[in-house]
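*Asks:* After the structure tokens below, expect a handful of questions from me.
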Amino acid sequence: VTVRLVDERFFRFVASEFIRRYPPVESRLARYGAGFPRFLKSIDTLSDMPVVAETARLEWAIAEALDAASLPPRTLAEYDNTDLGMSPDILLQ
């Protein structure tokens, strides 16, 4: 969906910039890209389209949920310190 919002050529350019600036730090490709939505927020040409970064964030959350079965279990206490990338204002809306 994110690709459709910005055009495939632009997406490939931005993705290649992300890869160049933030190469993977672990060997598990499914875990790579968590910072991509935040990176999209930093792109000047997308500053008037916050929906692009938010869509990428939603797509990443879906991918993580689909991959959750292969991850080690977490305790509820571990989720207390999880940054969901949302401001408190969003929760009040």
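Please treat every number below as a calculation from the coordinates, not as lab data. Everything numeric here is computed off the predicted structure, so don't read it as measured data. Neighbour counts run over all protein chains shown; Cβ positions are idealised from the backbone, glycine included.
*Asks:* Using only alpha carbon pairs under 8 Å that are at least six residues apart, calculate the relative contact order of segment 2-69 and give it in whole percent.
*Replies:* 32
*Asks:* Compute, for segment 1-65, the length of the dipole vector about the Cα centre, with Cβ point charges of +1 (Lys, Arg) and -1 (Asp, Glu) only. Units Debye, rounded to 20.
*Replies:* Values: 10 positive and 9 negative charges, 45 e Å.
About 220 debye.
*Asks:* Compute the whole-percent fraction of alpha carbon pairs in segment 2-69 spaced more than 21 Å apart.
*Replies:* Tail of the P(r) past 21 Å holds 22 percent of the pairs.
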